[in-house]
Amino acid sequence: MAETELTDANFNDEIATGVTFVDFFAVWCGPCKMLAPIVEELTTEYEGKAKIARLDVDQAPHVAGQYGVQSIPTMIIFKDGQEVDRMIGFQGKEGIKARLDKALV
């Protein structure tokens, strides 16, 4: 299963219910490229538990601005549409999983 691609148009609908992990990235960003395989693995591991999504900040500048994303990668975990956690910069898989698991309880 592929991660959900978010845009300015579908963002609010996609994060409205449940737990959603959003990777704010750009195609030119080196650390974002390093994070991409981890995000893909999380998609499989959290299927049925949490939505794993990516948002290209160059393609969706409104949402990036709305959430004050100034450094990428930035990862935000939402629960029922509300931000519950934020990570900035490259993060290891286990650290991300720990924070996702915390949001799921």
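Details
- Condition check for A2: among the small types (G, A, S) and at pLDDT 95 or above: no
- Cβ-Cβ under 7 Å pairs, at least 6 apart or on other chains, the range 33-49 side in contact (Cβ under 8 Å) with a residue 40 or more places away in the chain and farther than 19 Å from G89 by Cβ, far side surrounded by 15 or more Cβ atoms within 10 Å (Cβ to Cβ) and among the β-branched types (V, I, T): T43/I52; Y46/I52
- Close pairs from the range 88-100: first in contact (Cβ under 8 Å) with a residue 40 or more places away in the chain and closer than 17 Å to T43 by Cβ, partner of a type outside the set (A, V, I, L, M) and surrounded by 14 or more Cβ atoms within 10 Å (Cβ to Cβ), Cβ under 6 Å, at least 6 apart: L100/F21
- The set of residues in the range 24-42 being within 10 Å of V57 (Cβ to Cβ) and within 12 Å of the chain's Cα centre (by Cα) consists of F24, F25, C32.
- Scanning the range 91-105 for residues that are farther than 15 Å from T20 by Cβ and surrounded by fewer than 14 Cβ atoms within 10 Å (Cβ to Cβ) yields G92, E94, G95, A98, V105.
- Across the range 1-11, the number of residues qualifying as surrounded by fewer than 15 Cβ atoms within 10 Å (Cβ to Cβ) and without any contact (Cβ under 8 Å) to a residue 24 or more places away in the chain comes to 1.
This table checks each residue for (1) closer than 17 Å to L6 by Cβ; (2) of a type in the set (D, E, K, R).
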site: A36; (1), (2): yes, no
site: E45; (1), (2): no, yes
site: A60; (1), (2): yes, no
site: A64; (1), (2): yes, no
site: M75; (1), (2): yes, no
site: F78; (1), (2): yes, no
site: G95; (1), (2): no, no
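The values are calculated or read from the model by the stated rules, or taken from the named source; none is laboratory data. In this text the structure is predicted, and so the values were computed from the model without any measurement. Every residue, glycine among them, receives a Cβ derived from its backbone with ideal geometry; neighbour counts consider all protein chains shown.
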